[in-house]
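Everything on this sheet refers to the single structure shown next.
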Amino acid sequence: MKTDDLMLMAYVDGELAPDESQEVEMQIRASSEAAELVRLLQASRLDYKAAFATQDLPPVPESLTRKIEAMARAHSAGNLAPGANDPSVPTPSVTSASAPVRSRLRTVPTWLAAACVAGAFVGGLFLRPGTLPLLNPGMPNSGNAAMASTGVSPWVTAAVGYQQLYTRDTVAYADANPAATSKIIDDIHRDDGLALRIPDLSSAGLTFKAVRRLHFNNKPLVQIVYLPEKGPPIALCVTKGAKADQAIASQVVDTMHVVTWRQAELSYALIGKTEGVDLDALGKRISNREVDRLFGDATLEVPALAG
Amino acid sequence: MNGADLPGMLPEMLPRLWAFALRISGDQHDAEDLVQRACVRALERAHQLQPDTSPLSWMFSIVHSTWINELRARSVRKRSSMEWDDDFLENVADPVDKGPETQLMHGQIISAVERLPEAQRVVMLLVAVEGLSYQEAADVLEVPIGTIMSRLSRARQAVGALFGTPDPNPRASATRKDSIA
């Protein structure tokens, strides 16, 4: 594209200084090509905004609106005081005709249930287990039934739902920044009071990608994300669990495999899809401290001791 | 304005994100997935949103890059106008309070933009329809501002050829005018 063309466009749009405009006008008089370009550009001065505003687009699907609202609420739950400015959980209209069937089936809604559960707690509401199936119309045998029957903790449900949003793309460019990670871990130890260690799972083919501080029901929830060689990311989620230690238990929550245990007043949930990774065995190795601590002890020794 | 405000802003931005996603993907189901994935990515990176960056432009950027990645994943090099899903474009005119001539004109404008090459079409959507500045559009598409202006100029010449009064010295534009629906 020639600079002249851009000048002509600026001229047509009245964006040139008077002397520049005069220069362009001389050019137009001297060049039929320039005159033709100006004619075309002037003809292109149309009210595109108004035209597209009248475009008969399908409305935002209700299902999408609900998902985004729930997602936003779940994301900011840790920053909100309970009940503060939090709208009530949208009651899903299970018979919403506008929700595309294909999309609904393709987008597994457990995360939505989880986000709504989180939102309900934040909003001071409680979603009874019996209401959960309403969030998952047309899929009566999905994970919600399993969740209810196996008594999965709400925080695990929320973590599973959150994890279901992850794809490999989500963490594709997440660099494990040792300095920042050390700082985060330091904060986790000091502020969150969670004396956790970041397991090195490279022997299982898992690359550490990130550690994130989340909140569930105003309690710290740490998510440690690993990327396997194939398939979506796997997360080790940890929160306080001031109850007796609990042995490893394995279950399937919707499409996700979840291995849970409780140890030294920390509750763990290893969450992922079992594509080439034996999460049960991995959970045992982590709980038995058979894996190394990541980043080397030198990096984390101080915060670990502080925690 | 920073990333901490983003969750609260997403629902408000949703209609524009939805429209943009629909227009670049041309498919309702793709658009729904696209918006959802873009919002997830945005929330994950909310801390990267700079105070001097328009959250809407930033979201457009994520929607666009998510879509480009999706196309790459599908090994689709380019979406030609022939592949456009006309389901939601068949009735482009809003019948409310608009005369038939205005309706026709609006329909022709939309049609003209939709027929542009993809790179030019997206620039037109961002600048002429969404009202982004050249610099914001450059940020969204991660190209130099000069590229934005070049694409815009070419796009407008193509649209102008469809809408301009016939040149006394007929050119290609005279024949292209017939293609307006």
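A short reminder: the numbers here are calculations on the coordinates, not readings from a lab. In this text, all values refer to a predicted model and were calculated from it rather than measured experimentally. Here Cβ is always computed from backbone atoms with ideal geometry, including for glycine, and neighbour counts include all displayed protein chains.
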Check your understanding: Sequence-distant or interchain residues sharing an amide H contact under 5 Å with residue A:237, placed H: which?
Key -> A:224, A:269, A:270, A:271
Study note, to complete from the structure: Least to most buried among A:48, A:226, by other C-beta atoms within 10 Å and fewest first, runs A:48, A:226
Review point. How do A:287, A:21 line up, fewest other C-beta atoms within 10 Å first?
Key: A:21, A:287
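Hey, which of these cross-link pairs are over 23 Å Cα-Cα: A:240/A:284; A:67/A:230; A:183/A:209; A:209/A:243; A:183/A:230; A:183/A:219?
Result: A:67/A:230; A:209/A:243; A:183/A:230 exceed 23 Å.
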Practice item. On each of the three principal axes of the Cα atoms of region A:3-53, give max minus min coordinate, whole Å, ordered largest first. Key: 39, 23, 16
